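Let me begin by presenting the structure, written as structure tokens, before commenting on it.
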Amino acid sequence: MDTTNLIFAGVGGQGVLLIAELTAQTAVRAGHDVKQTEVHGVSQRGGSVESHVRFGDANAVHSPLVRAGQADVVVGLEKLEGLRYADFLNPVTGSLLVNDHEIIPGSVANAAEKYPHHAMDFLRHKGLRVVELPASRCAKDLGDGRMANVIMVGALSALLALPEEDWLETLKERIPAKHREANLRAFQAGRRLSTDFGSPFGLSGMQPVAGGHRDSGPLSPAKGDNHD
């Protein structure tokens, strides 16, 4: 049966696993069969982090892993990480939703010069649908730059066929009370960004992703961490 295939990517400390968990829990709340991977990569601050989420009808999803060329959306919390996982996108229908933010590795000599600053333009020239959002800047404007991840998941929510009320209930349940209102504002800011900004394709003209791939067979399911 059809599934929706998502990859979340960033570096340790950006909250990749939190937004993957929020998405998985929202899909469960909406009545879907859901699988989420454990963290792949180095989860400590500064290391590359990814998490896969797949959901569909009951008993439709046997593997938590998204294969190359299969992702409906890749959410990149940092530009290099978005580039790193771009080959997972469905080249025809997939979208790369990326935070317009660069983290220059401090451990690499001449890293700023070597960083692929024009990577998103390169991917567009390759024919991929790329949408850059100023999530980090917007989060700082809201008072806390750490909420860029929630802004990005808000933007993602506008692309998925999951009810907004389920997203909001999941956020209220998962986010601690002292941070809840700020994160709800960040989520709504992300939904607005999804129509205010975009690639030449334009997010506002896209149809919600309802899944377009058949599951590719059983692999061992895994459960995600929620701290990175």
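The values are calculated or read from the model by the stated rules, or taken from the named source; none is laboratory data. Everything numeric here is computed off the predicted structure, so don't read it as measured data. Neighbour counts run over all protein chains shown; Cβ positions are idealised from the backbone, glycine included.
Here are some notes:
- When residues in region 158-194 are screened for being free of Cβ contacts under 8 Å to residues at least 40 places away in the same chain and either buried (at least 21 other Cβ atoms within 10 Å of the Cβ) or aliphatic (A, V, I, L, M) (or both), 6 of them pass.
- Yes/no for residue 77 being touching a helix residue (DSSP H, G or I) at 6+ places or on another chain (Cβ under 7 Å), without any contact (Cβ under 8 Å) to a residue 60 or more places away in the chain and closer than 23 Å to residue 134 by Cα: no
- The set of residues from region 12-29 being more than 11 Å from the chain's Cα centre (by Cα) and modelled with pLDDT of 95 or more comprises 24, 25, 26, 27, 28, 29.
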